[in-house]
Amino acid sequence: MVEYLCIILPIGALAVAHLLRVRYLNQQLQESLEQRLEDRLKERTRIARELHDSLLQGFQGMMFRLEAVRRLLPNRPEEAADHLDVAIDRALAAINEGRKTVGELRMAGPPGTDLPKALADLGIEFEPENKLPGNAPGGAPKFLVLVQGRAIALQPIVRDEAYRIAREAVRNSFQHARAGLIEVEIVFADRTFTVRVRDDGVGLDPAVLEDGYRKGHWGLPGMRERALEFGGELEVWSQRNAGTEIELRTDARIAYVRRPRTLRWRIAREN
């Protein structure tokens, strides 16, 4: 009897181990498939967002120019020709940017590493659209970029995504808010890095605020997705005829490029 047990027990133990191994491998395979599906969905969402922020916005700007050309013809042909030249340039730029996005699957961030300078340039980029014939009366709004605190080097992903989020918010303010003033505020604080975009325009539709997006428009969802990808938080405040404010807030440990103070203290002590 003991001899049979000595034979059966090792065999039983091997069988149980084999079953556990098979179950573990099946679980790993299932998790791998689920992760691949999730990654694929994220990638599709990211590509759609990048195309929205590059190709589609570029063509939207071009359409504004073409509408201006139509209003200027036939009474002001020379001015119409100037707007048409700009529209052609915008179309070529949009095509090149879209090709770059599709080819590299990654949208470039702002030029250089100076985020305040890159955001200040948005006024030059979007202001002409408000001066086209037939646009909202009063001309372009006043555009300001404010910086609080001493500038600290940002992690590249935070810098790039903060730029894209702010750019989308500024574009919306220029094109839809009918604002007299648009401000971008950048705050370099010890514990948080914050970017705020606010205007004194007509405000968002309450339904858009409640739903988080307008049907057929993906600006707000895209901004929220960008913030979540690097650990930021996005808040939107708006009231009818009182303006809109969009705030991006990121923990300093995520946002800034610098050594922890404890590490510097240890190095100094060892030396």
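The values are calculated or read from the model by the stated rules, or taken from the named source; none is laboratory data. All values reported here derive from a predicted model rather than from experimental measurement. In this analysis, Cβ positions are derived from the backbone assuming ideal geometry, glycine residues included, and neighbour counts consider all displayed protein chains. What goes into the accessible areas is simple: the full protein's heavy atoms, side chains included, and nothing from ligands, DNA or RNA. Shrake-Rupley method; radii C 1.70, N 1.55, O 1.52, S 1.80 Å.
A crude spin-label estimate for the pair H18 and D121, with each label 7 Å from Cα along the Cβ direction, gives 6.6 nm. Each residue was assigned an accessible area with a 1.4 Å probe, and for I124 the value is about 130 Å². Applying 1/(1 + (r/R0)^6) with R0 = 30 Å to the Cβ-Cβ distance of R253 and L181 gives a FRET efficiency near 0.35. With 0.36 nm allotted per residue and the present C-alpha distance subtracted, the R240-T192 stretch has 14.3 nm of extension available.
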